[in-house]
1. Quick check on my filter: what residues within the stretch 32-55 are under 17 Å from M198 (Cβ atoms) and part of a loop (DSSP other than H, G, I, E, B)?
2. Are there any pairs with C-beta distances below 9 angstrom linking a residue in the stretch 290-317 that is within 18 Å of V261 (Cβ to Cβ) to a residue that is in a loop (DSSP other than H, G, I, E, B) and among the hydroxyl-bearing types (S, T, Y), with the two at least 6 apart or on different chains, and if so which?
3. Of the numbered conditions (1) assigned to a strand (DSSP E or B); (2) farther than 23 Å from G293 by Cβ; (3) among the hydrophobic types (A, V, I, L, M, F, W, C); (4) more than 27 Å from the chain's Cα centre (by Cα), V219 fails exactly one; give the number of that condition.
4. Mind checking whether some residue in the stretch 97-116 is part of a loop (DSSP other than H, G, I, E, B) and over 21 Å from R323 (Cα atoms)?
5. Filter the stretch 293-324 down to residues that are in a strand (DSSP E or B) and surrounded by 13 or more Cβ atoms within 10 Å (Cβ to Cβ), then give me how many there are.
6. Among the residues of the stretch 174-209, write down those that are among the hydrophobic types (A, V, I, L, M, F, W, C) and without any contact (Cβ under 8 Å) to a residue 40 or more places away in the chain.
7. If a residue must be assigned to a loop (DSSP other than H, G, I, E, B) and either closer than 20 Å to V51 by Cβ or of a type outside the set (S, T, N, Q) (or both), how many such residues does the stretch 246-292 contain?
Amino acid sequence: MKRTLLLLLALALLPALALAQTTDEPDRGTITKVGTTAAQFLKLGVGARAVGLGGSFVAQANDLSALYWNPAGLALLPGASAQLAYTDYLADIDYSFAAFGINLGSTGTIAVALLLLDSGDMAVRTAEKPEGTGEQFKVQDFAIQLAYGRALTDRFSIGGTLKYIQERIWHSSASTVAFDVGTLFTTPYERLRLGASMSNFGPKMQMSGRDILFSEDPVPNEQGNVEIVNAKFDMDEHPLPLLFRVGLAWDAVQTADHRIVLSTDAAHPNDNSEYLNLGAEYSFRDLIFLRGGYRNLFEEDGEESFTVGAGLNIRLERALRARLDYAYADFGRLEQTHWFTVDLSF
């Protein structure tokens with residue numbers, strides 16, 4: 001009973017905190033506010049395994065990608081782990097993730113990670129020179145994460161992530177600090193797991209830098225006035241993409257050789273309509289994995305849809321394992337993305 005009450009209290013706290021960071025418009029039901037938040041790279045996802053499951057991972061998170069989906073899952077790491085992930089995202093954008101974590105036993109699990117997005121060089125264009133000025137610029141976003149997860153009982157774990165976020169466009173940047181929090185609960189029905197998480201809770205971001213500075217003659221048609229006045233553009237503050245998730249994972253089939261896990265996540269973002277993720281994973285002897293899913297079901301005007309993936313779990317030495325994962329995600333008119341992840345456990 002105490003464990004159940006603790007779980008309910010934790011789950012009740014998450015939407016209350018999420019509500020505190022919604023924007024000021026009184027009627028959210030008629031406006032999705034797409035594109036009104038900063039740090040959009042925080043919404044892309046992490047890990048080929050999770051993407052192959054359609055992003056339905058909040059109740060399944062048990063590797064280092066849990067830093068993104070649900071930090072409570074870090075408590076399930078068996079020992080020390082390292083994970084590297086790479087995606088050639090839409091429009092030739094490079095998107096990478098690197099993490100390391102270690103389980104300290106009853107003390108809990110600690111992990112650090114770097115999330116990095118790089119647009120590559122692009123031509124600087126102006127109204128006067130639409131074909132380019134000859135200069136190049138790029139967009140570089142990153143998040144440095146420090147996370148902690150701990151099992152409070154054999155069924156219930158909690159976790160949190162503190163992260164420093166920065167967005168940079170040419171010579172201007174914006175930064176802030178945010179945190180994630182999550183819970184993971186194995187129900188009395190052993191094959192059913194429940195997870196919940198809140199991501200990107202923090203203050204707003206505002207761009208600053210030399211790109212917003214300019215010099216202006218306030219009265220160009222008059223003589224004798226101050227000809228040059230240093231000024232800057234008034235930049236708006238934008239909230240982070242706050243996201244609340246709750247999900248279920250069910251071991252539909254579990255034998256010595258075969259396992260089938262079905263999962264689903266419901267998501268409530270502050271800059272879009274609510275949506276549902278669905279996923280299924282088949283594994284043979286914990287060696288070969290096949291996955292499929294569907295992302296952002298019921299999202300208004302979304303392009304994301306089905307995903308597929310596969311994985312291979314290899315024992316390199318007695319205490320060293322490597323898992324190789326791949327995922328394909330369809331983006332409709334925007335074509336597709338390919339996700340690759342290497343996970344080492346030792």
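1. T37, A39, G45, V46, G55
2. Between residues of the stretch 290-317 that are within 18 Å of V261 (Cβ to Cβ) and residues that are in a loop (DSSP other than H, G, I, E, B) and among the hydroxyl-bearing types (S, T, Y), the close pairs are G293/S56; Y294/S56; Y294/S305; R295/S56; R295/S305.
3. Answer for V219: the failing condition is (1).
4. Yes, the conditions are met somewhere in the stretch 97-116.
5. Residues meeting the conditions: 16.
6. Taking the stretch 174-209 as the starting set, the residues that turn out to be among the hydrophobic types (A, V, I, L, M, F, W, C) are 174, 177-179, 181, 184-185, 192, 194, 196, 198, 201, 205, 207.
Across the stretch 174-209, the qualifying residues are V177, F179.
7. So the count comes out to 8.
The rows are residues; the columns are (1) among the aromatic types (F, W, Y); (2) more than 22 Å from V181 (Cβ to Cβ); (3) surrounded by fewer than 17 Cβ atoms within 10 Å (Cβ to Cβ); (4) modelled with pLDDT of 95 or more.
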| site | (1), (2), (3), (4) |
| --- | --- |
| G101 | no, no, no, yes |
| V112 | no, no, yes, yes |
| L116 | no, yes, yes, yes |
| P130 | no, yes, yes, no |
| Q145 | no, no, no, yes |
| G149 | no, no, no, yes |
| S157 | no, no, no, yes |
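The values are calculated or read from the model by the stated rules, or taken from the named source; none is laboratory data. What you are looking at is a predicted structure, and each value in this text was computed from that prediction instead of being measured. Glycine also receives a Cβ, built like all others from the backbone with ideal geometry; neighbour counts cover every protein chain displayed.
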